[in-house]
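Participant: One structure coming up, written as structure tokens, with questions to follow.
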Amino acid sequence: IGQGSGPGGVSSYTRQVSGNIPSSMGPGNYFAKLWVDYGNMITESNEYNNEVQTSTTELTVQDCTPELRPTALSGPNNALSGQTITISYSIENTGLGEANNFPVDMFLSSDSTITTSDTHLGADSITLGASTSVSNTLSVTVPSNVNSGCWYLSLIHISEPTRLLSISVARVGVEKKQ
């Protein structure tokens with residue numbers, strides 16, 4: 001992480017060294033180690049006593065990114081095709097970083113396997129601070145081409161191209177408007 005040098009001819013000295021934690025270091029607990037004459041540039045009578053390591057964890061690296069999780073979703077038990085309905089939802093950020101303007105999309109599916117290929121009902125954009133949650137509503141219109149039957153509502157947040165976070169609720173009965 002860092003290196004320092006000291007004055008010659010001194011039997012010992014104390015120095016504070018700083019450096020950057022590499023971005024490749026993942027979250028976790030780490031130990032600190034000090035090497036003296038790391039490259040063996042100084043000829044010594046004992047080259048094997050040039051290091052000391054902490055016996056307890058000295059450095060904890062934390063993941064300071066957001067961690068979003070939908071926690072609730074509810075809507076009406078019945079709806080007509082073409083009808084505007086209100087969907088209530090809650091999302092929490094259990095991470096240490098703020099999530100700015102992330103998309104939340106609502107879908108309607110004829111089965112409980114809900115994907116972004118299902119019928120898109122609407123979207124919202126939200127910002128959540130670290131360790132906070134939000135409850136909100138979104139008004140959407142059930143498409144007029146949806147047939148009568150049992151359907152599933154779902155909230156999906158796409159945080160990465162391969163990572164979908166979704167939550168679905170019990171079925172919603174839809175009647176085709178005549």
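The values are calculated or read from the model by the stated rules, or taken from the named source; none is laboratory data. Here the structure is a predicted model, which means the values were calculated and not measured. Quick reminder, even Gly has a Cβ in these numbers, built from the backbone with ideal geometry, and neighbours come from all protein chains shown. Accessible surface areas use protein heavy atoms only, side chains included; no ligands, DNA or RNA. Shrake-Rupley method; radii C 1.70, N 1.55, O 1.52, S 1.80 Å.
Participant: For the stretch 1-143, calculate the relative contact order in percent as a whole number, restricting contacts to Cα pairs under 8 Å that are 6 or more residues apart. Each step should come with its number before you reach the end.
Facilitator: Details: 241 pairs, mean separation 28.0, N = 143.
Relative contact order, the stretch 1-143: 20 percent.
Participant: Using a 1.4 Å probe and ignoring any ligands, DNA or RNA, find the accessible area of ARG69 and quote it in Å² to the nearest 10.
Facilitator: 120
Participant: How much accessible surface does GLU58 have with a 1.4 Å probe, in Å² rounded to 10?
Facilitator: 110
Participant: Here is a further query. Give the span of the stretch 47-148's Cα atoms along each principal axis, as three whole-Å numbers ordered largest to smallest.
Facilitator: Principal extents (largest minus smallest coordinate, Cα): 81, 24, 21 Å.
Participant: Taking the Cβ of LEU138 as the centre, find all other residues whose Cβ is under 15 Å away and add up their charges (Lys, Arg: +1; Asp, Glu: -1). Before the final figure, lay out the partial values.
Facilitator: Details: positive: none; negative: ASP105, ASP124.
Cβ neighbours under 15 Å give a net charge of -2.
Participant: Okay, next question. Net charge around ILE21, counting only other residues with Cβ within less than 15 Å of its Cβ (Lys, Arg = +1; Asp, Glu = -1)?
Facilitator: Details: positive: LYS33; negative: GLU58, ASP63.
Spelling it out: positives minus negatives among the neighbours equals -1.
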